[in-house]
Amino acid sequence: MPAQPTEPSPLAAEPPGAPGTAAADAPPACEAALQALIDRVKLAASRGRPQRIRGGGGKDFYGQRLHGELLDVRPYAGVVSYEPSELVVTVRAGTRLRELEALLADHGQCMPFEPPQFSVGSTVGGMVAAGLSGPARASVGAVRDYVLGVQIVNGRGELLTFGGQVMKNVAGYDVSRLMAGSMGTLAVIAEVSLKVLPVAPAEATLMFELSETSARQQLNRWGGQPLPINASCWADGQLAVRLRGARAAVAAACKSMGGQPLDNERGQRQWTALRDQALPFFRLAQGEALWRVSVPDTATPLNLGPTLVEWHGAQRWVKLAPQDAAHVRAAAARAGGHATLFRGGDGLAAVFTPLSAPLARIHAALKREFDPAGIFGPGRMVPEF
């Protein structure tokens, strides 16, 4: 593996200037970093040398396999423009999530989909490429729903821009959102424009002692009521529900729903730990793997093993050996969903549920268009690509 450069400070790479105005032209260091990425891709394509696109490296565990020379995007970092009044921020892909969140927080704003941060160096490019969302996903949407535009370097070394800085900017294929979850297999994400939102005025966490079935049924009942439910989590007989919204709405919901309120500071720590998989549940014993099972929120318990339930029942984390892949996927399919081997697979099973033939053809066609030489992340999502 090539030596990794010292990690830069992304927001220090370019002073963002006064929020509300577009940033000036990119400084020479950023221009040089971008040109270096382009030159690297062109050379790799001409020689057929696989490239492994990487930001902070916090999601190296995710996917089928890692292969290729390290292509580090961290040197290309910093804020391009930030318009708090327009709820739009544009940043380079190497920008650290923590620093972007701090900038937004200074203006009472946030990324409401709560992107997981599995390392202190997690970057904006990695956030989009992985396409993962946190506890609030079922209520506010996924990361792809907040991607307004992207600038990418494709497998030919061409710098291309798609989308823009408003929601209604798509005519034809939505390439910007296609990059969300592409896992670095289509292109190098260079720049991203994101929609952001104001931080909710009030928040509260309520705890309930319920079985998995009772918790799911209760969440479904609450779902039919005008309650500011933002996130939920069930594990070991305990259901946690987070409320977010106007102060009056949160206060009224606390009275009508009951339960045991959790101290705000403790509640925030718990939700952050859930987002980043730092809760005790996510510790894997020898031979265990972590499965991410996506099913309808009305699906009954899967009864596969130790389980943590998120997203009001639609996302279920299960701990089971990778050798049990057929069993897990059959149970997910019966419930109307699918399963992903998220951690601990060690190559013993396919990470992602195999695609149907029509979808596989579409994926292959997209791969050829964006990356004709097949240099980006070979085998990361689909073993043969």
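Only DSSP H runs of four or more residues enter the estimate; each adds -39500 (n - 2.57), and after division by the residues of the chain the mean residue ellipticity at 222 nm equals -8000 deg cm²/dmol. For a straight C-alpha distance cut-off of 16 angstrom, the aspartates and glutamates reachable from K59 (same-chain residues fewer than eight places away being disregarded) are D72, E114, D276, D346.
For K42, the lysines whose Cα falls under 19 Å of its own Cα, not counting residues fewer than eight places away in the same chain, are K367. Calculate how steeply helix 28-47 sits against the longest principal axis of the alpha-carbon atoms of the chain, using the helix alpha-carbon long axis, and give the answer as 0 to 90 degrees to the nearest 10. Approximately 80 degrees, to the nearest 10. Taking Lys and Arg as +1 and Asp and Glu as -1, the other residues whose beta-carbon sits under 11 Å from that of G377 total +4. Among G181, G56, G305, which one shows the biggest mean-square fluctuation in a GNM of the chain, springs joining Cα atoms closer than 10 Å? Answer for the Gaussian network model of the chain: G305.
At a threshold of 8 angstrom on Cα-Cα distance, excluding pairs fewer than six apart, so keeping six or more, what relative contact order does the chain reach in percent? Could you put the intermediate results ahead of the total?
Numbers: 811 pairs, mean separation 69.8, N = 385.
It rounds to 18 percent for the chain.
Rounded to the nearest 10 degrees, the inclination of helix 212-223 to the longest alpha-carbon principal axis of the chain is 80 degrees. Just checking the listed ones, A93, A373, A138: in the Gaussian network model of the chain with Cα springs under 10 Å, the one fluctuating most is A373. Give me the net charge of H338's neighbourhood, meaning all other residues with Cβ under 12 Å from the Cβ of H338; Lys, Arg count +1, Asp, Glu -1. Residues near H338 contribute +4 overall. Computed from Cα positions, the angle between helix 325-334 and the longest principal axis of the chain comes to roughly 60 degrees. Inter-part distance, segment 231-248 to segment 320-382, computed on C-alpha centroids, equals 31 Å. Cross-link candidates for K195: which lysines have Cα within less than 21 Å, leaving aside residues fewer than 8 places away along the same chain? Those lysines meeting the cut-off are K168. Averaging 1/r over each pair of different alpha-carbon atoms in segment 10-198 and inverting the result gives 16.5 Å, the Kirkwood hydrodynamic radius. Here the dipole of the chain is about 840 debye; that uses its Cα centre as origin and unit charges on the Cβ of Lys and Arg (positive) and Asp and Glu (negative). For segment 284-343, the alpha-carbon coordinates run over 32, 20, 17 Å along the three principal axes, in decreasing order. Give the Debye-formula value of log10 I(q)/I(0) at each listed q (0.07, 0.08, 0.10, 0.13 Å⁻¹), with one equal scatterer per alpha carbon of the chain, two decimals each. Computed log10 I(q)/I(0) values: -0.33, -0.43, -0.68, -1.14. Ranked for footprinting exposure by Cβ neighbours inside 10 Å, fewest first, S139, S46 give S46, S139. With K and R counted +1 and D and E -1, the other residues having a Cβ less than 11 Å from that of P301 yield a net charge of +1.
Taken together, the values in this text are just the output of simple stated rules run on the coordinates, not laboratory data. Predicted model only: the values in this text are computed from it and were never measured. Here the Cβ is made from the backbone with ideal geometry for all residues, glycine too, and neighbour counts use every protein chain on show.
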